[in-house]
Every structure is written in structure tokens, then in C-alpha cells.
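Taking it in order: structure first as C-alpha cells, then the write-up.
The values are calculated or read from the model by the stated rules, or taken from the named source; none is laboratory data. The structure presented is a predicted model; accordingly, all values stated were derived computationally and were not measured. With ideal geometry, Cβ positions are generated from the backbone for all residues, glycine too; neighbour counts draw on all protein chains shown. Only protein heavy atoms, including side chains, enter the accessible area calculation; ligands, DNA and RNA are left aside. Shrake-Rupley method; radii C 1.70, N 1.55, O 1.52, S 1.80 Å.
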Amino acid sequence: MVYDYVIGIDFGTTKTVACYFVDGEKKFLTSLPSVIFVDEEGEISVGLAAQNKGALQPENMIVSAKKFIGNLEVGKTWNCNGYIFNATDVAVEILKEIRRQFIERNNLEENIEIGAVITVPAIFNDNQREEIRRAGEIAGFEIMWILEDSAAAALEIFHDKPADKKIFVIDIGGGTFDITVLEIDGETYKATAIDGEDNFGGDDFDRIIFAQLIYHIEDEAKINLSDAFTAMIDEGEYNKLLNRLMIEARRIKENLSVEEICEINISDLVKFDGKSYSLHYTLTRKEFNEICRALYEKIFDKLDYFVIENNLRVEEIGHLILAGGTCQIPYIRQKISEGFNKTPEKNSENLRLAASGAARLAESKNNDGTLKLESVLPHSLGVAVMTFEHKMIFDKILAKGTPYPCEVTREYETAYDNQTRIDINIYEAGDENKAELKYHRYRGFLSLKNLPPAPRGETFVDVKFEYTEDQRLRVTAIDKQRENHFEKQGF
């Protein structure tokens, strides 16, 4: 289908950026904080307005919701003034605001069809991607493609120049950390290896600075800020204090990416024992690097493991892209550049790369469709099976690194005499080298019922995992004796 208007959207943990083309010229909507606020009547504010209202009522503000989207294990919800939201609900409101701004900017009719390409971290599984897709559809967009952030960045940087060697993309945003190797052949962008963390990023650095500020205040004011009761502060004032300090922590982190020293001066921050307390503190970049050392080690250890696991040699890497806000931290840029002996691609630190690349793909799909995307599974998938020792372990069916689209069928048998039901529990690999289920993520289940009673091992079931080209999962279980089958999509 061809749309009159298309848009690329980078839905981020901390900020959402949207890009589109007008007569070949790139246009951006104003960067939108990925924040919502809910008032007593259930009215929802988004972005900067939500942040401003949340400064007074932080308990009714939701931030960094993207980290929880599509996560069945956590099932995170928020209660704001009695209204319950999950991470997908939050994404819907943010994407609605993007659509509203796009319509207003271009003087369009409210019911206009708008095609959208939305980016996601490469490490996201199909359930997380599907929830992003669903949020976009509920928000009123026609979803053309769910694009990986790393591919979007490469697409934007190399759309007008060749890439004759492998491209190494490191993308660390507010709440996700992606590592991707890509190759470009003409207008085909192919990811050959993917890894990372879907709950690690700039928020972790913010929390380290936040803890440092708390420690300083406690030491200076001789007070315990572990909770409102212990600190003898009104609960509302206590929540405002924590919110102000978290906002300040993010500002400090961003400031120290461009300056060697950051002065913190907040007058009348809070009242302790009837006396007003003002925060005056200085944090240097050197001190920041010291308190964040464990986070740096986590990043560099993950990169080292990725290189070894994928048998990469530094000389194979022709291009280095550092994307996402956290990659602007000077120490990270410096150490990665030294490790790969490469200067990052020009503009690779641009926070609008993913949105730009998504807009380019949207334009291509809406016109000639010459741009092609190929990728691989970021996680292995399989089922829980019982061993002869009656222990439940993870049995891999689709291996990490398998190219999309793909399909694998595995045969299983009953574990008990006269077993008439088989529950097939789907898992996503966490630690690829461990068999115990505790190291893996539960993704859902399907069941085959009313099987004919038979001795153990004489009833056979085929379990088929298949991915479409646009990375949507379908799992099918077939009772081979009677050809009955049950299938489920979107785990």
C-alpha cells in the first residue's frame, strides 16, 4: 500500500524522535521526552508537559517504560491517580502525541493514513517488537516495518557512500545496549551478529550519580534518606526530592559529556527539621568515571565476549558507529575507539540517527522499495523438556544467529505412561551455555489435549518454530498420531 505521508520514529527509553521527508528534505519533530503524567480526572499529558506536572506529583508520572515493554516475566504496571497503565499503554500515548504533532505540523486531516517505520533495539525479541507494533497501530499509524536501531543508524550514515568492510554498531540508549555487525551489499543491509542487554543503559549511569547525591546530602545534613519515615519528611515532599535529584543526575551526566566539571546548586531543595536545605556540590568527570567504573566494565566485557564469540578480528571491521545518548560519554567513546583502532563514523553520535534511518526506509518502502533489510535471531528459542532424571531443562530449537525467515521442527515424545496432555513451555535463551531453566526467559505456552493414552515414549509431537521475514514468530504443535495441531503467534 502507498501512503500520502510516511514517518520514521525512534521510540526511545528517555526520548522519542520522529523524522520525515518533504520534497527530499529531512524534517524532524521536536524531540519528545518519553514520559506521561496522569491527573485526577485521568487526563494524560505527554513529554515536557508531563515532566513539568510530574515535578509536583512524581508518583503520577511514568518514565522509562520502554524497558518493560513485552516483558512477560515482570508484567510491570503503574498506578497513577487510580488509573492503571502497562508499558504498552505508555507507548501508545507517546506515539499518539507524535502522530498529533505530525498532523498539526503538516496541517493534515485527523483521520489521514500515515505509514510508519518504528525502530527497536536489535536485542529486542519478537514479543517486545510485537508490543511496539501494537502500540503504533493503536496510536493510529499504519505500521510498515519494525526496524532495528543499529540498521537504521547504518542506513542513515551509508545511504550515500559505500561500506566495503563490516560495520560495527554499538548503540547504548537510556535503557538498552545493542551490539551489531552489519554488511552492506548494494542496497541490502544485512545484520550478521547481534547481542546486548535489554535493561541496561543511561538510566544506570543516572542512578549512580543519584546515589552519589543522596550520599552527599546524608553526610552533610546528617540524615538518613532511605525512606520518608526515617527521614521524617512528608511523603509527597520526599517523592519530589527524589524526583528532582534524578532529573539533576541526568543533567549532570549530560553536562559531563561536554565539560570536565559540573557545579550543582539547588536552593531550598527540601526542609529537614524545619530548616531549608540547599544543595551545593561539584562533580568532576574524573570522579564520575570512578563511580561508574563497574558500568564501564560491564560494557567492555560484553564487547570483548561478543568479539570472541563471533570470531571477529579488528582488521575485519571497516567502520565503527557509536549511536545512542550513552555513547556520548567521553570515556566510552575513547576506550571503544582505542579498542577497535577506529574513529567513529562522522555523525555517528547524532541522537537522531535512528529516526533518520527509519524515515529513509519508510520513504523507500512507500516508493521504489529498493532498500532491503536482513537480520538474524538475537536469542535462541526452545522449549522446556524433562530429562531421564526428571529435571526440566532448556532444549534449543532455533539457534541465536539464525537468519530470518527461518523454520525448524523438532519431534518430542510423552514423558509418562497414559499421558493425555502435553504442555509446551516456550523459553528464550538467557545464558546460551546453560541448560537449567532458571537461566532462561519464559515466553509463553501452548497445549495439546486429549491425546490417546499410550505407554511413555509412544506418543509423538512435532513442535515447529517459524519466523517470517518481518520477524514475527509462530509456534505450532502437532499430534502426529491424529494430525491435530495447535498454533500460537507473537510470544
Roll a 1.4 angstrom probe over the protein heavy atoms and tell me the percent of accessible area of segment 163-219 that is carbon or sulfur.
40 percent
Packing-based ranking, highest mean first, of 114-125, 216-227 given that Cβ atoms within 10 Å are counted:
114-125, 216-227
Ignoring ligands, DNA and RNA, what accessible area per residue does segment 1-146 give at 1.4 Å, in Å²?
42 Å²
Rounded to the nearest Å, the spacing of the alpha-carbon centers of segment 330-395 and segment 197-229 is 31 Å
Suppose only helical runs count, i.e. DSSP H with n ≥ 4. What mean residue ellipticity at 222 nm does that imply for the chain under -39500 (n - 2.57) per run, divided by all residues and rounded to the nearest 500 deg cm²/dmol?
-9000 deg cm²/dmol
Roughly to the nearest percent, how much of the accessible area of segment 1-85 is carbon and sulfur, given a 1.4 Å probe?
49 percent
Residues other than I214 with Cβ under 14 Å of its Cβ, Lys/Arg counted +1 and Asp/Glu -1, net out at -3
Report, to the nearest whole %, how much of the accessible area of segment 261-382 belongs to carbon and sulfur atoms, 1.4 Å probe, protein only.
46 percent
Rg and Dmax [Cα atoms of segment 89-147; Å; Rg one decimal, Dmax integer]
11.8, 37
Using only Cα atoms, locate the centre of segment 79-140 and the centre of segment 234-308, then give the distance between them in Å, rounded to an integer.
30 Å
Fully extended contour minus Cα-Cα distance, from E73 to I261, at 0.36 nm per residue
63.6 nm
Working from Cα positions, state the angle (0 to 90°, nearest 10) between the long axis of helix 235-255 and the longest principal axis of the chain.
90 degrees
What one gets for segment 371-441 as the Kirkwood radius, inverse of mean 1/r over different Cα pairs in Å, is 13.6 Å
Put a dot 7 Å past each Cα toward the Cβ at D164 and T409; how far apart are the dots in nm?
4.7 nm
Convex hull over the Cα atoms of the chain, averaged projected area in nm²?
27.2 nm²
E316/N289 FRET efficiency (R0 41 Å; Cβ-Cβ; nearest 0.05)
0.85
Using only the Cα atoms of segment 258-297, construct the convex hull and provide its projected area averaged over every direction, in square nanometres to one decimal.
3.9 nm²
Just to confirm the number: angle between the C-alpha axis of helix 293-309 and the first principal axis of the chain, 0 to 90 degrees, nearest 10?
30 degrees
Over segment 18-64, what lengths in whole Å, largest first, do the semi-axes of the equivalent ellipsoid take, defined as the square roots of 5 times the eigenvalues of the alpha-carbon gyration tensor?
30, 10, 7
What list of ³J(HN,Hα) values in whole Hz, one per residue of segment 53-62 in order, does the Karplus curve 6.51 cos²θ - 1.76 cosθ + 1.60 (θ = phi - 60°) give from phi, with Gly and Pro shown as x?
6, x, 4, 8, 10, x, 5, 10, 10, 10
Equivalent ellipsoid, segment 84-214 (semi-axes from 5 times Cα gyration tensor eigenvalues, Å):
27, 24, 14
With every protein chain kept in place and a 1.4 Å probe, segment 307-386 has an accessible area per residue in Å² of 42 Å²
If I model segment 31-108 as equal point scatterers sitting on the Cα atoms and use the Debye formula, what is log10 I(q)/I(0) at q = 0.16, 0.26 Å⁻¹?
-0.58, -1.22
Length-normalised contact order of segment 193-299 in % [C-alpha pairs under 8 Å, at least 6 apart]:
24 percent
Note down the relative contact order for the chain as a percent, whole number, built from C-alpha pairs under 8 angstrom at least six residues apart.
15 percent
Pop a pseudo-label 7 angstrom from the Cα along the beta-carbon direction at both I84 and A55 and give the gap in nm to one decimal.
3.3 nm
When you count, for each residue, the other Cβ atoms within 10 Å and take the mean per peptide, how do 418-430, 170-182, 151-163 rank with the highest first?
170-182, 151-163, 418-430
Out of F200, Y416, G47, whose Cα points farthest toward the positive end of the dipole of the chain (charges: +1 Lys, Arg; -1 Asp, Glu; placed on Cβ)?
Y416
Over 30 Å between Cα atoms, which of K391/K480; K190/K286; K67/K298; K372/K464; K76/K253 qualify?
K190/K286
Compute the relative contact order of segment 350-491 as a whole-number percentage, counting only Cα pairs closer than 8 Å that sit 6 or more residues apart in sequence.
21 percent
Give the angle, between 0 and 90 degrees and rounded to the nearest 10, that separates the Cα long axis of helix 87-105 from the longest principal axis of the Cα atoms of the chain.
70 degrees
